[in-house]
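The values are calculated or read from the model by the stated rules, or taken from the named source; none is laboratory data. What you see is a predicted model, and the numbers here were worked out from it, not measured in a lab. FYI the Cβ positions are ideal-geometry reconstructions off the backbone, even for glycines, and counts take in every protein chain you see.
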Amino acid sequence: MIDERLYEEFRTIGRDIFVTGLTSSHGGNMSVRVGDKIIIKRRGAQFGRLKRSDFVETSFEGKDSGIVRASTELIVHRAIYEQTSALAIVHAHPRTAITLSLSRDEIIPIDNEGSYLLRKIPVVSVEMASGSSEMATKISEALRGYKIVMQRGHGCFSTGQTLEEAYAWVSALEEASDIILEHKLLGEPMIEYRKHSDAYAKW
Amino acid sequence: MQGWAGKILDIDLSDNSIETVPLDMEMARQFLGGRGLGARLLWDLVGPEVEPLSPENVLIFSTGPITASSSQTSNRFNVSTKSPLTDTILHSNSGGWWGMQFKRTGYDALIVRGKAETPVMIEITADGVQIKDAQHLWGKSVFETTEALGQDRNKRNVMCIGPAGENMVRIAAIMNDKERALARGGGGAVMGSKNLKAIVVEGSEKNRPEDQDQFKFMLYETRKLLKASPLTSQALPEFGTAVVMNVVNEIGALPTRNFQQSQFEGADKISGEAITDEILVKNQACWACPITCTRISKTSSGKEGEGPEFESAWAFGAQCGIDNLEAITEANFLCNDLGIDTISMGNTIGCAMELSECGYIESDLGFGQADKLLGLIHDTAYRQGIGDDLAEGSYRMAEKYNAPELSMTVKKLEMPAYDPRGMQGQGLVYATSNRGACHETGNMLGPEVLALPRLIDRFATQGKAGIVSVHQDSAAVIDSLVFCKFANMAVSVEFFARTLSAVTGETFTEEDLMQAGERIWTLERLYNLREGFTREDDTLPERLLNNPVQEGPSEGFTANLAPMIKEYYAFRAWDENGIPRPHKLRELGLDFAIEEAYD
Amino acid sequence: MHASENFRLIKFMKIKLFGGLRQKAGTAELNGSGGTVREVLQEISAENDGLSEALFVDGAEDLRPHIRIMVNGIDSELMAGLETAVSGDDQLAIFPPIAGG
């Protein structure tokens, strides 16, 4: 079901995500797609201390026993796998990114790394913010055009060929968000150093 | 034109008819162009009853919406046909200038049907489209023909076959711009069977992007990323593709002496480093490409030309137990001049060497005989002596001599330079590739060896299916737009989507493209199923499935294919016989194929 | 006298360099003693500025991205990375950023 290698990957990345403050103790979730199955962190498991028993395997149709223990947001993960070529999904709660999402429709990095890697992160608004089909549709739709998207006030969803890739997008997002926030706190006018920088908003 | 030209040129050599038909724009959006468009058209035009070397087969030369737009690497193009080597669908891809120039004549694709009574050539210039007599060119080599027809860098470009194509050698290539090749699968033989010697193009139209600002931004960002990646800015321009010879050898995945071993003691002597040290004159780029990976080499006998690439150096090198770089380089030059696929040629010679050493063939041919290469290649092109057997490809040759298990092929296409026992995912790629054992349709070199984008365990089997599928789909996208896969080392499909959007003025997301890639891949699969291929054909040679590697880092491993195939079929929503399920076909908009798919 | 001083004279681990590293280091092959992969890299870079610059970012701490290190043909990333223990019987191969087809 879940082999040694995959478990190690989940465990170490889960730990990194928690330790770097990208989620609270039990929040967020991760999944991978293997064959025609989804392997997802179970409901109530600690991100930073994942055990082998914290994973659930479930099918795409989802009419198996797996869904009972799976994360509440399984429906979103499933929609993302159906709508995109993602092989791994990370959903985290990066604080600064969430703060920024409350007052804008897109997060546009101003630092070099952020511009280079992300260019623009769209913010999607969902009324029923946890595990609804509206959320599944809107998030999966947005991920057709971007590697990482924000759900206003809730957190980010990112995709990748591996968990590490999906995690890397989250890490980059939060770094870029921290810099945006700190720049605002500093209150000094920005000296634009990037060519074509106005184009990032249209990415 | 913006993106697609909107026109297809349709020529029937049997009655010299020349027609222009409109490109179905809905088809274009679904299948993009290049390989995808070629597959879609071939589905309609060439069914299972058609013999590949008969007049009923067609050749479809196709470009994509970004071709000739001047976006980085927008020079490549595709040919689609039914292969006389494998009997599968064939798509083959080449760079240089011809594709760009053909697009400039104002067409997205050229369909060539039928057969001319005597040798002809097609010329497309400002004077229109003409079918001209080419009897005086028949028999001439590729280099001679290209020069005779006035090849002129980016003004006038020549595509032609050499003696190999004329003699319907099953591993014959179609050459363009002198030394670029639509190499694999025997497209050259199909062209020869039609008595078509050459196609010359001189265009003047421009592919002007619809959204100029966005296009300029994409050019800038792409240039930035190509420069920032050491792969595209240093490794490839400096050492060319053969720089991976040593790393593939070091990990124990370099097939040696017809896949008997997976490490070659002479690897360093035929590597990119050796080429740069000993024979490199300079590097060269295709049209609109900053990567500049082409080698121009010169041997001590004074012969100069393009190459050798990694695969060619391996095919005449490790595969044949030869470590003489100059002999390998001249073998490569000769294949280009006679118009033969170097991978298939080298692999087949290696097979012949083993057949001979094992006594199946009465010959003194054996591994390591560098001095025999040129003669064997020449004889293959002219079907003389043992060359007549080599001309049939490794499978038919080995079968003739009662040892088909010594043919290192899948679906009769000769296997390239990676031993699946040292790279499990690559084994899955070879086994499931729609045109036979091919590394270009989803190369696992990146993930399993070079850590691109990230390293995965090359010995693992679980989870490989997903990565292979995604790589196969993205390769199909790249082959259809048509970009170069080396650009993809620095720039993602997300970028290609935005460039495409800027050129056409229509919005395409990354996932729209990935879905198109899946659609193209699945249609190719259906084509082969319609031809009669089954899951039994998604396999690897016995040697790789059952004989473990004897020494080196991959010691003890065989290709553990069965669990990977199972996971692969499940991942792609195919049933246990490898047949795509109906809901998947509907999801991909392949409804038109449903009836025939389940016959 | 320290035991380590004795061992420094005995270097029998083979380290092969590839691609552009050869020119930068001025050689295609080096010898090293043991320890971890990191220690071996620092050891061979200590007296070789060209190699040091090619392998490390600003000083000897961070390996440049895309540098791949094989230990007996297995990528060190699949083992313990730079902390992988290696000894005289092992063979290291160091590759700069490379790409191919």
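Miscellaneous remarks
Residue by residue, here is whether (1) within 14 Å of chain A (Cβ to nearest Cβ); (2) in a helix (DSSP H, G or I); (3) surrounded by fewer than 24 Cβ atoms within 10 Å (Cβ to Cβ) holds:
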position	(1), (2), (3)
B:405	no, yes, yes
B:420	no, no, no
B:439	no, no, yes
B:455	yes, no, yes
B:468	yes, yes, no
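- Residue ID - surrounded by the fewest Cβ atoms within 10 Å (Cβ to Cβ), chosen from residues in the stretch B:491-507 that are within 9 Å of chain A (Cβ to nearest Cβ) and outside any helix (DSSP H, G or I): B:507
- In the set B:197, B:227, B:216, only one residue is farther than 25 Å from residue B:347 by Cβ, touching a Cys at 6+ places or on another chain (Cβ under 7 Å) and either of a type in the set (Val, Ile, Thr) or outside the structural domain of residue B:436 (by TED's automatic domain parsing) (or both); that residue is B:197.
- Under the condition of being under 18 Å from residue A:85 (Cα atoms) and among the basic types (Lys, Arg), the residues counted in the stretch B:478-513 number 1.
- Number of the exception - residue B:423 against (1) touching a Leu at 6+ places or on another chain (Cβ under 7 Å); (2) over 16 Å from residue B:347 (Cα atoms): (1)
- Residue within the stretch B:531-548 that is β-branched (Val, Ile, Thr) and either in contact with a Phe, Trp or Tyr (Cβ under 6 Å, 6 or more places away or on another chain) or modelled with pLDDT of 95 or more (or both) present: yes
Residue-by-condition table, conditions (1) under 30 Å from residue B:493 (Cα atoms); (2) under 14 Å from the mean Cα position of the chain (by Cα); (3) surrounded by fewer than 19 Cβ atoms within 10 Å (Cβ to Cβ):
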| position | (1), (2), (3) |
| --- | --- |
| A:4 | no, no, yes |
| A:39 | yes, no, no |
| A:53 | no, no, yes |
| A:87 | yes, yes, no |
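- Some residue of the stretch B:586-596 being modelled with pLDDT of 95 or more, within 22 Å of residue B:441 (Cα to Cα) and not in a loop (DSSP other than H, G, I, E, B): no
Table: residues versus (1) surrounded by 24 or more Cβ atoms within 10 Å (Cβ to Cβ); (2) part of a loop (DSSP other than H, G, I, E, B).
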residue: B:165; (1), (2): yes, no
residue: B:168; (1), (2): no, yes
residue: B:184; (1), (2): yes, yes
residue: B:188; (1), (2): yes, no
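- Qualifying residue in the stretch B:152-159 (condition: assigned to a loop (DSSP other than H, G, I, E, B), hydrophobic (A, V, I, L, M, F, W, C) and within 24 Å of residue B:381 (Cβ to Cβ)): no
- For the stretch C:63-77, the count of residues that are among the hydrophobic types (A, V, I, L, M, F, W, C), assigned to a helix (DSSP H, G or I) and over 11 Å from the mean Cα position of the chain (by Cα) is zero.
Each row is one residue, and each column tells you yes or no for (1) over 19 Å from residue B:82 (Cα atoms); (2) out of contact with any Leu (no Cβ under 6 Å at 6 or more places or on another chain).
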{"site": "B:22", "(1), (2)": "yes, yes"}
{"site": "B:26", "(1), (2)": "yes, yes"}
{"site": "B:34", "(1), (2)": "no, yes"}
{"site": "B:41", "(1), (2)": "no, yes"}
{"site": "B:51", "(1), (2)": "no, yes"}
{"site": "B:55", "(1), (2)": "no, yes"}
{"site": "B:58", "(1), (2)": "no, no"}
{"site": "B:61", "(1), (2)": "no, no"}
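- Restricting the stretch C:71-101 to residues that are buried (at least 17 other Cβ atoms within 10 Å of the Cβ) and among the small types (Gly, Ala, Ser) leaves a set whose member that is farthest from the other protein chains (Cβ to nearest Cβ) is C:76.
- Scanning the stretch A:179-200 for residues that are crowded, with 18+ Cβ neighbours inside 10 Å and either closer than 28 Å to residue A:34 by Cα or more than 14 Å from chain B (Cβ to nearest Cβ) (or both) turns up just one, A:180.
- Strands (runs of 3 or more DSSP E) fully within the stretch B:248-361 that include at least 2 residues being touching a Leu at 6+ places or on another chain (Cβ under 8 Å): B:294-298.
Every residue, every condition in (1) under 25 Å from the mean Cα position of the chain (by Cα); (2) basic (Lys, Arg); (3) within 22 Å of residue B:56 (Cβ to Cβ); (4) at pLDDT 95 or above, yes or no:
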position: B:108; (1), (2), (3), (4): yes, no, no, yes
position: B:120; (1), (2), (3), (4): no, no, yes, yes
position: B:130; (1), (2), (3), (4): no, no, no, yes
position: B:163; (1), (2), (3), (4): yes, no, no, yes
position: B:189; (1), (2), (3), (4): yes, no, yes, yes
position: B:209; (1), (2), (3), (4): no, no, no, yes
position: B:215; (1), (2), (3), (4): no, no, no, yes
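- Given (1) of a type in the set (Ser, Thr, Tyr); (2) more than 30 Å from residue B:588 (Cβ to Cβ); (3) within 14 Å of chain B (Cβ to nearest Cβ), index of the condition residue A:59 fails: (2)
- Candidates in the stretch B:206-247 are the residues that are part of a loop (DSSP other than H, G, I, E, B) and surrounded by fewer than 19 Cβ atoms within 10 Å (Cβ to Cβ); of these, the one that is nearest to the other protein chains (Cβ to nearest Cβ) is B:211.
- Residue check for residue B:518: buried (at least 20 other Cβ atoms within 10 Å of the Cβ) and either at pLDDT 95 or above or within 14 Å of chain C (Cβ to nearest Cβ) (or both): yes
- Near pairs, Cβ below 9 angstrom, 6+ apart or cross-chain, from the stretch B:554-571 (within 11 Å of chain A (Cβ to nearest Cβ)) to any residue that is assigned to a loop (DSSP other than H, G, I, E, B) and buried (at least 23 other Cβ atoms within 10 Å of the Cβ): B:567/B:463
- Reported count of residues in the stretch A:118-143, each being closer than 21 Å to residue A:30 by Cβ, in contact with a helix residue (DSSP H, G or I) (Cβ under 9 Å, 6 or more places away or on another chain) and crowded, with 18+ Cβ neighbours inside 10 Å, is 9.
- Answer residue from the stretch A:124-148, given it is polar (S, T, N, Q) and more than 25 Å from residue A:109 (Cβ to Cβ) and is modelled with the highest pLDDT among those: A:137
- Taking first residues from the stretch B:362-383 that are over 15 Å from residue B:330 (Cβ atoms) and partners that are at pLDDT below 95 and small (Gly, Ala, Ser), no Cβ contact under 7 Å between residues at least 6 apart in sequence or on separate chains turns up.
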